[in-house]
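To keep things clear, I will list the structure first and then write my remarks on it.
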Amino acid sequence: MIKVGVIGTGVMGAGHARFINQNVSNAQVIGISDINVSGMQALSDELKTIKFQTTNPEELAQNPEIDALLIASPDQFHADQLRLALKYKKPTLCEKPLASTLEDARAITKEIDEVEASLGKKLINIGFMRRFDPGFIKVKEVVNSGKLGKPLYVRVVSRNHFSPGTTSEGILINSAVHDFDIYRWMFNSEWESVQPFHPRHTDQAPEDVKDPLIFIAKMKNGIVLMANASANGAAGYDTRAEVVCETGSVELGPFGDVAVRTLDNFEANKGGKMEINWMKKFEQAYIDELKAWIAEIETGVVNTNFATHRDALIANETAQLGADLFR
Ligand code: NAI
């Protein structure tokens, strides 16, 4: 049994804790850390497996009963809390992004490199869970089968229903960062350029937040992403992607179903009632990611599907390219 400590028990931390306890048979959350004491207590009452609760994450990291850490605090705390994981040599799954600034992302990457090299093993995974999503995996399979010819460009939709506190830069560094990871994973190519645009402003967003965002991003293999990321006002949590290939296309719909489109059979995606956030849409991805993480800790066999801190640094750097042009 792998005993997990969760740092940050908001939407994601509580979600991961429930998934670990309910869906991962050989792991249990026994410790939690958050600055919000009443929120922690409510989660502890719900889970009934919590032995340790603390406002100080270092207490969890150093606790010998805790085998592994899951970091789900706000982005700006990831780098410092990863330092605790390195200090106490705890295998850790840290939510994306690696850090909220490029400076922090580069510094923590160097520190992770050094500790992992000295231990001779991987300690840190970053929670780019779309790599475990059955829909994205299916799209990658269809593209790689070659039956639609080579991929040319991708039409991407990433819309949040509401995102209190987000900034113009944050739309890229917190949200579009998923796109910079998943299409690099899908097409096995590096990014070359990112060009952001702000179309007509939505009054659903604060005046100083350039929402919605449109961006064109080009990969070194020539594939182009035509993407929309919105933080506020969308009709629910709406993520879609259509990979357009030479003789057809494949679209991942808002409900995770995959439609393949050719002249002979043009499939449509499902419709229905939308959710206001990501938990339901990516539930299977989160569960499969957690199972893979625990299996990696138990067996010591590296799962190469995970985003490493180096992959996450590239996603941060690419998002920053766009953010620098989008202030
Ligand atoms: P949230 O605001 O719901 O929860 C954050 C929690 O962290 C709160 O309970 C807050 O009290 C706590 N917190 C604040 N400062 C802290 C500190 N210094 N140490 C420990 N806890 C602290 O935010 P949410 O949506 O759960 O996001 C958490 C992380 O997960 C973020 O990094 C975000 O980018 C990422 N995320 C990932 C998603 C994915 O699909 N992979 C989806 C949404 C968020």
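A few points about this structure:
- The figure for Tyr153 is an accessible area of roughly 80 square angstrom, using a 1.4 Å probe on the protein chains alone.
- Accessible surface, 1.4 Å probe, highest first, among residues Arg327, Arg159, Arg184: Arg327, Arg159, Arg184
- For the chain, the share of DSSP beta bridges that are antiparallel, to the nearest 5, is 55%.
- Phi angles across the range 166-171 convert, under the Karplus curve 6.51 cos²θ - 1.76 cosθ + 1.60 with θ = phi - 60°, into 3J(HN,Hα) values of 6, 10, 4, 4, x, 4 Hz, Gly and Pro given as x.
- Dipole check for the range 149-245: with +1 at the C-beta of Lys and Arg, -1 at the C-beta of Asp and Glu, and the Cα centre as origin, the magnitude is about 420 Debye.
- Coil-residue trypsin sites (Lys or Arg not before Pro) of the range 216-293, DSSP, other Cβ within 10 Å capped at 16: Lys220, Lys270, Lys273, Lys280
- A 1.4 Å probe run over the protein chains yields, for the chain, 44 Å² of accessible area per residue, whole-number rounding.
- Exceeding the 21 Å Cα-Cα cut-off - candidates Lys210/Lys280; Lys96/Lys122; Lys96/Lys273: Lys210/Lys280; Lys96/Lys273
- Largest accessible area first, the listed residues Trp185, Trp293 line up as Trp185, Trp293 when surface is computed with a 1.4 Å probe on the assembled protein chains.
- Taken about its Cα centre, the chain carries a charge dipole of about 600 debye when Lys and Arg each add +1 at the Cβ and Asp and Glu each add -1 at the Cβ.
- Solvent-accessible area of Glu246 with every protein chain in place, 1.4 Å probe, in Å² to the nearest 10: 100 Å²
- Rounded, prolate or oblate (a/c below 1.5 giving rounded, otherwise prolate when a/b exceeds b/c) for the range 104-164 by Cα gyration tensor: oblate
- Backbone phi angles across the range 175-185, fed through the Karplus curve with coefficients 6.51, -1.76 and 1.60 (θ = phi - 60°), yield HN-Hα couplings of 9, 5, 4, 4, 5, 5, 7, 6, 7, 5, 5 Hz in residue order; Gly and Pro are listed as x.
- Rounded, prolate or oblate (a/c below 1.5 giving rounded, otherwise prolate when a/b exceeds b/c) for the range 1-119 by Cα gyration tensor: prolate
- Dipole orientation for the range 170-267: of the candidates Thr202, Ser189, Ser175, Ser189 has the Cα lying most toward the positive pole (charges on Cβ; Lys, Arg +1; Asp, Glu -1).
- From phi via Karplus (6.51, -1.76, 1.60), per-residue ³J(HN,Hα) for the range 232-245 in Hz, x at Gly/Pro: 9, x, 5, 6, x, 7, 10, 10, 9, 7, 10, 8, 9, 10
- Fraction of C-alpha pairs exceeding 37 angstrom in the chain: 16 percent, rounded to a whole number.
- Cα centroid separation - the range 1-66 against the range 120-163, whole Å: 28 Å
- Span from the the range 254-326 Cα centroid across to the the range 83-110 one, whole angstrom: 20 Å
- Prolate/oblate/rounded call for the range 191-327, Cα gyration tensor, a/c under 1.5 rounded: rounded
- Cα long-axis angle, helix 283-299 against the chain (0 to 90 degrees, to the nearest 10): 50 degrees
The values are calculated or read from the model by the stated rules, or taken from the named source; none is laboratory data. Quick caveat: nothing in here was measured; it's all calculated off a predicted structure. FYI the Cβ positions are ideal-geometry reconstructions off the backbone, even for glycines, and counts take in every protein chain you see. These accessible areas exclude ligands, DNA and RNA; they are computed on the full protein's heavy atoms, side chains included. Shrake-Rupley method; radii C 1.70, N 1.55, O 1.52, S 1.80 Å.
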